Amino acid sequence: MDKTWLPIAALLGALTVGIGAFGAHGLKATLATTGRADTFETANRYQMYHVLALVLVALIARTYPEPSVQVWLGRAAWAFVVGMVFFSGSLYTLALTNYTKLGAVAPIGGLGFILGWVFVAMSIWTLNK
């Protein structure tokens with residue numbers, strides 16, 4: 001599992017930095033026009049937090065190879081990715097287009113983030129049984 005998620009986390013980290021830099025420099029005028037620079041920054045910040053969460057998941061997976069732990073960590077990794085796509089993706093779209101109807105998608109991503117963290121906790125709790 002760690003051999004899958006560590007490279008994915010690294011690539012998502014690079015993508016996140018690139019998106020953040022592009023937003024700060026290349027999209028400065030667009031974000032000023034929409035008035036949503038703070039929304040873009042929130043999307044980028046939460047994406048990076050959860051890229052780091054993927055790294056954590058991969059490192060826990062490397063440390064604890066027990067199958068029950070791996071199942072929960074796999075769920076956590078996918079939940080974090082879903083969170084990034086729906087939460088950060090909808091906020092990026094909102095910031096760039098001012099299309100507010102996608103705001104309803106952000107809570108799905110937020111739920112993904114929350115479930116990811118719950119799944120990380122479940123992975124550790126299975127060790128104590």
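What follows draws every value from the coordinates through simple rules; no lab data is involved. Keep in mind it's a predicted model, so treat the numbers as computed, not measured. Here the Cβ is made from the backbone with ideal geometry for all residues, glycine too, and neighbour counts use every protein chain on show.
For this structure, a couple of remarks:
- Just one residue in the set G20, G26 is of a type in the set (G, A, S) and in contact (Cβ under 8 Å) with a residue 24 or more places away in the chain; that residue is G20.
- Note on the stretch 13-54: residues that are outside any helix (DSSP H, G or I) and surrounded by 15 or more Cβ atoms within 10 Å (Cβ to Cβ) amount to 2.
- Entry remark, the stretch 31-85: residues being farther than 16 Å from S123 by Cβ and polar (S, T, N, Q) number 6 in total.
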